[in-house]
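Asks: Let me give you the structure first, and then I'll get to my questions.
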Amino acid sequence: MPGADELFRSTAAPAAPEPEVAPAPAAPADPPAKPAASGRVKHDEKITVYVTAEELLALEQARLAVRAVVGRNVDRGRIVRAALAASLEDLEARGGESDLVRRIEGSSEPR
C-alpha cells in the first residue's frame, strides 16, 4: 500500500531553475512585522490543536454568527487565525495585563 508521501506527491512538471541573482544590499533592520490575521491564503505551516466538545461547538456557533454578520461563509481556521492575531496584538500592547496572560494564569491546565 502506498505511503502518504506517494499519495500526495506533486504531479506538476519540475520548474526550470531560477537564475542566480546577486543579493541586494542589506537594508537597515526593521522590527519584525506584527502577525495579522492572514485570511484566505495558502498557508505553509500547520499545527494541531485539541479542543473540548464545548469549545468546538462554541467555535462553530461563532462561525455561524460571523457568517450572519458578514454575509458569507467564513471557515473555522480563519476565525482561529483572526483570534490569534488579536490575542498576540493584545499581548504585545499590554504584556502581563493582557487577556491571554490572564486566561493562562487563571486556567487549571498543567504547565
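The values are calculated or read from the model by the stated rules, or taken from the named source; none is laboratory data. Small disclaimer: the values here were computed from a predicted structure and weren't measured. What goes into the accessible areas is simple: the full protein's heavy atoms, side chains included, and nothing from ligands, DNA or RNA. Shrake-Rupley method; radii C 1.70, N 1.55, O 1.52, S 1.80 Å.
Asks: Go over the candidates ARG78, ARG72 one by one and state the one that is at pLDDT 65 or above, open to solvent by 60 Å² or more (accessible area, probe 1.4 Å) and not in a loop (DSSP other than H, G, I, E, B).
Replies: The conditions single out ARG78.
Asks: Let me ask something else. Filter region 39-67 down to the residues that are among the small types (Gly, Ala, Ser) and either at pLDDT 85 or above or open to solvent by 50 Å² or more (accessible area, probe 1.4 Å) (or both) and list them by number.
Replies: ALA53, ALA58, ALA62, ALA65 - these are the residues of region 39-67 that are among the small types (Gly, Ala, Ser) and either at pLDDT 85 or above or open to solvent by 50 Å² or more (accessible area, probe 1.4 Å) (or both).
Asks: Just the residues that are more than 20 Å from the chain's Cα centre (by Cα) and open to solvent by 50 Å² or more (accessible area, probe 1.4 Å), please, taken from region 81-99.
Replies: ARG94, GLY96, GLU97, listed by residue number.
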